[in-house]
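> This is the structure I have questions about; it appears just below.
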Amino acid sequence: MAEQNLQKTGDLAKVQSVDFAERFGENLNKLKEALGVTRTMPLASGMTIKTYKSSVTMAEQANIGEGEIIPLSKVNTEPDKIIELTFNKYRKAVSAEAIQRHGYNQAVAETDEKLLREIQKGVRSEFFGFLASGTGTATATNLQGAFARAWGRIQTLFEDDAAQTVVFVNPEDIADHLAKAEVSMQNTFGLQYIQNFAGVDTVFINASVPKGTIYATAPENIVLAYVQISGGELGRAFDFTTEELGLIGVTHGNEINTLTVETVALSGVKLFAEHLDGVVKVTIAPAV
């Protein structure tokens, strides 16, 4: 008869699942805070999200006489891209040999960490894809000028909101500036960022941004949409461990036929810019 309170393999698997889910949720929440995101949208899988673009047709202002009717200007807001929110499914396995060589905790935890990084990388890559499709443009001759142009365009585009400015830059474009300044670099969700730098509120540094270009937008334009994994029919069908919001579901299990321990994760998270004309791409073109 097993001793009371014996720690069993199944208990360790549950601990690994809780750790995986909590770290994903905590890292994503830190990214939300750094970006200044306040808008989250829990949706069902298969639902679609629309992004928008705006155009303004200004009325002719010449020769409007006293008492005459002022002609109308018109602002058109129309759908741009349609995004379908779908599940992303992940699975990896650790062999009996790896567990014997490194121990259960280390073998599973190390490979879980790598899987977690790849899931985070997928969310980041999609987000940078949205930023790359932004329609606002500007040019500058150096990075400081690019930050200034970005700040000015964001203040113009979001003038009713007293908007903050979030900038994304390639490491090679900002390396020289970092070498000359005393800055406190922070990390979250695989991204490095600096707050209150060179006249903008937050600067994110990532190689996904093309060299010679910066992206900029306002936090109000960034939305986090996700399929809630916890509860509902999914909760009845699968024994997923989730974090508080249900952003990701994780489970660990033994596969006897292959003598492996599997990690299975399910998530449907998208970070996107709602108004693509609210994303400004500033090209750095040094003066000849």
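> May I ask you to list pairs of residues, at least six apart or on different chains, whose Cβ atoms are under 6 Å apart, with the first in region 93-118 being of a type in the set (D, E, K, R) and buried (at least 16 other Cβ atoms within 10 Å of the Cβ) and the second being modelled with pLDDT under 95 and part of a helix (DSSP H, G or I)?
Listed pairs, sorted by first residue: Asp112/Phe20.
> Sort out which residues of region 276-287 are under 13 Å from Arg153 (Cβ atoms) and either assigned to a strand (DSSP E or B) or more than 17 Å from the chain's Cα centre (by Cα) (or both), and write them in order of number. Let's see the steps before the verdict.
Initially, region 276-287 is screened for residues under 13 Å from Arg153 (Cβ atoms), giving 277-283.
Residues satisfying the conditions are Asp277, Val280, Lys281, Val282, Thr283.
> What's the total number of residues in region 70-96 that are within 21 Å of Leu224 (Cα to Cα) and in a helix (DSSP H, G or I)?
Residues meeting the conditions: 0.
> Checking Gly145 against (1) out of contact with any helix residue (DSSP H, G or I) (no Cβ under 7 Å at 6 or more places or on another chain); (2) at pLDDT below 90, which test does it fail?
Condition not satisfied by Gly145: (2).
> Which residue pairs have Cβ atoms under 9 Å apart, sit 6 or more places apart or on different chains, and have a first residue in region 274-287 that is in contact (Cβ under 8 Å) with a residue 60 or more places away in the chain and within 9 Å of Thr217 (Cβ to Cβ) and a second that is part of a loop (DSSP other than H, G, I, E, B) and among the aromatic types (Phe, Trp, Tyr)?
From region 274-287, the pairs are Gly278/Phe158.
> Quick one: which strands (runs of 3 or more DSSP E) lie wholly within region 148-197 and hold at least 1 residues that are out of contact with any helix residue (DSSP H, G or I) (no Cβ under 8 Å at 6 or more places or on another chain)? Before the answer, list the steps.
Details: elements: 166-169, 186-188, 191-197.
Hits in region 148-197: 186-188, 191-197.
> Okay, moving on. I need the full set of residues from region 165-200 which are under 18 Å from the mean Cα position of the chain (by Cα), in contact (Cβ under 8 Å) with a residue 40 or more places away in the chain and crowded, with 18+ Cβ neighbours inside 10 Å, in order please.
Thr165, Val166, Val167, Phe168, Val169, Asn170, Thr188, Phe189, Leu191, Tyr193
> Now for a separate question. Could you please let me know if Ile99 is within 22 Å of Phe272 (Cβ to Cβ), in contact with a strand residue (DSSP E or B) (Cβ under 8 Å, 6 or more places away or on another chain) and in a helix (DSSP H, G or I)? Please lay out each step first, then the result.
Values: within 22 Å of Phe272 (Cβ to Cβ): no; in contact with a strand residue (DSSP E or B) (Cβ under 8 Å, 6 or more places away or on another chain): yes; in a helix (DSSP H, G or I): yes.
For Ile99, the condition - within 22 Å of Phe272 (Cβ to Cβ), in contact with a strand residue (DSSP E or B) (Cβ under 8 Å, 6 or more places away or on another chain) and in a helix (DSSP H, G or I) - is not met.
> While we're looking at this one, here's another question. Run Ala218 past the list (1) under 13 Å from Phe130 (Cβ atoms); (2) buried (at least 22 other Cβ atoms within 10 Å of the Cβ) and report the number of the one that doesn't hold.
Status for Ala218: all satisfied but (1).
> Considering Glu243, Glu233, which residue is under 17 Å from Asp19 (Cβ atoms) and either touching a Pro at 6+ places or on another chain (Cβ under 8 Å) or surrounded by fewer than 22 Cβ atoms within 10 Å (Cβ to Cβ) (or both)? Show your work before the answer.
Numbers: Glu233 fails: under 17 Å from Asp19 (Cβ atoms).
Glu243 is the lone residue from the list that is under 17 Å from Asp19 (Cβ atoms) and either touching a Pro at 6+ places or on another chain (Cβ under 8 Å) or surrounded by fewer than 22 Cβ atoms within 10 Å (Cβ to Cβ) (or both).
> Take the residues in region 21-43 that are at pLDDT below 90 and more than 20 Å from Thr217 (Cβ to Cβ); name whichever of them is surrounded by the most Cβ atoms within 10 Å (Cβ to Cβ).
Leu43
> Still on this structure, please answer the following. Name every residue in region 196-240 that is modelled with pLDDT under 90 and small (Gly, Ala, Ser), in order of residue number.
Selection gives Ala198, Gly199, Ser230, Gly231, Gly232, Gly235, Ala237.
> Of these, Leu234, Leu245, Leu191, which one is on the phi < 0 side of the Ramachandran plot and out of contact with any Gly (no Cβ under 9 Å at 6 or more places or on another chain)?
Working: Leu234 fails: out of contact with any Gly (no Cβ under 9 Å at 6 or more places or on another chain); Leu245 fails: out of contact with any Gly (no Cβ under 9 Å at 6 or more places or on another chain).
Every option except Leu191 fails the conditions.
> Looking for whichever is buried (at least 21 other Cβ atoms within 10 Å of the Cβ) and touching a Lys or Arg at 6+ places or on another chain (Cβ under 7 Å) here; the options are Val261, Val280, Val227. Which one fits?
On the way: Val261 fails: touching a Lys or Arg at 6+ places or on another chain (Cβ under 7 Å); Val227 fails: touching a Lys or Arg at 6+ places or on another chain (Cβ under 7 Å).
Of the residues listed, the single one that is buried (at least 21 other Cβ atoms within 10 Å of the Cβ) and touching a Lys or Arg at 6+ places or on another chain (Cβ under 7 Å) is Val280.
The values are calculated or read from the model by the stated rules, or taken from the named source; none is laboratory data. Please read all numbers here as calculations on a predicted model, not as lab measurements. Glycine also receives a Cβ, built like all others from the backbone with ideal geometry; neighbour counts cover every protein chain displayed.
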